[in-house]
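Each remark here refers to the structure printed beneath this line.
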Amino acid sequence: MLKGFLFLLLFLLAGDVVVYLFALPLPAPVLGMAMLLAWLGWRRADVPLDLEEASSGILKYLSLLFVPAGVGVILHLQRLAHEWPAIVGAVVGGTLLSVALSALFLNRFVHRREVQ
C-alpha cells in the first residue's frame, strides 16, 4: 500500500512541476491525476494492486474532504446570493458536459471491447 501512495505522490509531484514550469491555470493535483489516468490508459493493463489499495483507502475518507468546502460555502453566503445565476449555470453546464462526455467515452470503450 505504501508503494501505491508513493505512486500517487509521484504523479502529484509531476502535476506540480508541470503547472509550475508552464504557469498553467490548473490545480496541480487535478493535472497530476489526469496524467495518472493517461498513463493507466496508455498501459492498457490492470491497475497495479498497490495503487488500487492506496486509492481505495483514500476513498473511504473522501467525505471528510468536503467539510472545508462546506465551511467555505457558509462563509460566503452573501456572495453566493449575488452570483447565484453564474454558479447555477456553471454547475448545470458542467454536469451536462460531464454526463455527455462520460456517455461518449463509455460508448467508445464498450464498442472497443466488443471488437476485441
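Each value in this text was obtained by applying a stated rule to the coordinates, not by laboratory testing. All figures in this text were calculated on a predicted structure; none of them were measured in a lab. Glycine gets a Cβ as well: all are built from the backbone with ideal geometry, and neighbour counts include every protein chain shown.
For the stretch 1-60, with only Lys/Arg (+1) and Asp/Glu (-1) charged at the beta-carbon, what is the dipole magnitude about the Cα centre, in debye rounded to 20?
For the stretch 1-60, the charge dipole is close to 80 debye.
Charges only on Cβ, +1 for Lys and Arg, -1 for Asp and Glu: so what's the dipole of the chain about the Cα centre, in debye to the nearest 20?
Taking the Cα centre of the chain as origin, the dipole is about 220 debye.
Tell me the label only: which of (i) -0.47, -0.54, -1.17; (ii) -0.59, -0.70, -1.28; (iii) -0.33, -0.39, -1.23 is log10 I(q)/I(0) by the Debye sum over Cα atoms at q = 0.11, 0.12, 0.22 Å⁻¹ as calculated from this structure?
Read-out taken from this structure: (ii).
Please list, in order along the stretch 87-103, the HN-Hα scalar couplings obtained from phi with the Karplus expression 6.51 cos²θ - 1.76 cosθ + 1.60 (θ = phi - 60°), rounded to whole Hz, x for Gly and Pro.
5, 5, x, 5, 5, 5, x, x, 5, 4, 5, 5, 5, 5, 5, 4, 5
Can you work out ³J(HN,Hα) from phi for every residue in the stretch 47-63, in order, using Karplus 6.51 cos²θ - 1.76 cosθ + 1.60 and θ = phi - 60°, giving whole Hz and x for Gly and Pro?
5, x, 4, 4, 5, 5, 5, 5, 5, 5, x, 5, 4, 4, 10, 4, 4
In square nanometres and to one decimal, what's the mean projected area of the convex hull around the Cα atoms of the stretch 61-116?
For the stretch 61-116, the mean projected area of the Cα convex hull comes to 5.7 nm².
Give me Rg/Rg_expected for the stretch 1-60, where Rg uses Cα atoms only and Rg_expected = 2.2 N^0.38 Å with N residues.
That works out to 1.16 for the stretch 1-60.
Give me the net charge of residue 57's neighbourhood, meaning all other residues with Cβ under 13 Å from the Cβ of residue 57; Lys, Arg count +1, Asp, Glu -1.
Within the 13 Å Cβ shell, the charges total -1.
Expected output is a single nm value to one decimal: the length gained when fully extending between residue 9 and residue 99, i.e. 0.36 nm times separation in residues minus the C-alpha distance. What is it?
29.5 nm
From the phi angles alone, apply the Karplus equation (6.51, -1.76, 1.60; θ = phi - 60°) to the stretch 70-76 and give each ³J(HN,Hα) in whole Hz, x where the residue is Gly or Pro.
x, 5, x, 5, 5, 5, 10
Please compute the length gained on full extension between residue 79 and residue 45, using 0.36 nm multiplied by the number of residues separating them and subtracting their Cα-Cα distance.
7.6 nm
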